[in-house]
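The values are calculated or read from the model by the stated rules, or taken from the named source; none is laboratory data. What you are looking at is a predicted structure, and each value in this text was computed from that prediction instead of being measured. Because the Cβ atoms are built from the backbone with ideal geometry, glycine has one as well, and the counts that use them run over all protein chains shown.
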Amino acid sequence: MALAQTLKAHLERHGVAWRTLRHPATASSHDTAAVAHVPEDHIAKAVVVRDERGPAMVVIPASHWLRLETLNAKLDRGFGLADESGLDRLFPDCAAGAIPPVGPAYGLETFVDENLASLARVFLEAGDHEALIEVSGEDFLRLQDGARRDYYSHDGTT
């Protein structure tokens, strides 16, 4: 499958240069970081949430955990984790569990964790379990098309 066509079109529409990193198939971001030899906190991970307004995406470092209560408090919303069974309709060109962390490409309201904002290079799931794409930190933020930025996650030590 490689690069999801929706993601590719979004990259091209924004004039973003990227590099593809192929790696053996993995089942988690932690494993992907290890086999691709990239820092886990430089991999942006998509977490799909849902409330009465519909689905949204929170983008956090792969080394972190979403703080759902913090997200809800900061946004005055009632998000819960989205049911995995409906994700194939939202991301039809992606393998299950291999969602690119670029919600605007898929028409989703998006919230980006501030921990990703200062990175020089960011790695994104490409839509399958065997590739990442690398973009500059500046381009990563441009791809988020007006997403709200704040601290929505923790690294497990706090």
Per the filter on the stretch 73-107, residues buried (at least 16 other Cβ atoms within 10 Å of the Cβ), out of contact with any strand residue (DSSP E or B) (no Cβ under 7 Å at 6 or more places or on another chain) and over 17 Å from residue 4 (Cα atoms) are 75
Considering each of 51, 41, 83, 76 in turn, give the residue that is at pLDDT below 95 and of a type outside the set (Gly, Ala, Ser). 83
Looking for something without any contact (Cβ under 8 Å) to a residue 12 or more places away in the chain, more than 30 Å from residue 24 (Cβ to Cβ) and out of contact with any His (no Cβ under 8 Å at 6 or more places or on another chain) - is there at least one such residue anywhere in the stretch 149-157? no
Any residue in the stretch 108-127 that's more than 21 Å from residue 37 (Cβ to Cβ): show its pairings with residues that are in a strand (DSSP E or B) and of a type in the set (Lys, Arg) at Cβ separation under 7 Å, as long as the two are six or more apart or on different chains. 111/148; 112/149; 114/149; 117/149
State all residues of the stretch 100-110 that are out of contact with any Gly (no Cβ under 8 Å at 6 or more places or on another chain) and over 17 Å from residue 20 (Cβ atoms); if no residue qualifies, say none. 103, 106, 107, 108
In this structure, is residue 17 buried (at least 19 other Cβ atoms within 10 Å of the Cβ) and either hydrophobic (A, V, I, L, M, F, W, C) or touching a Cys at 6+ places or on another chain (Cβ under 7 Å) (or both)? no
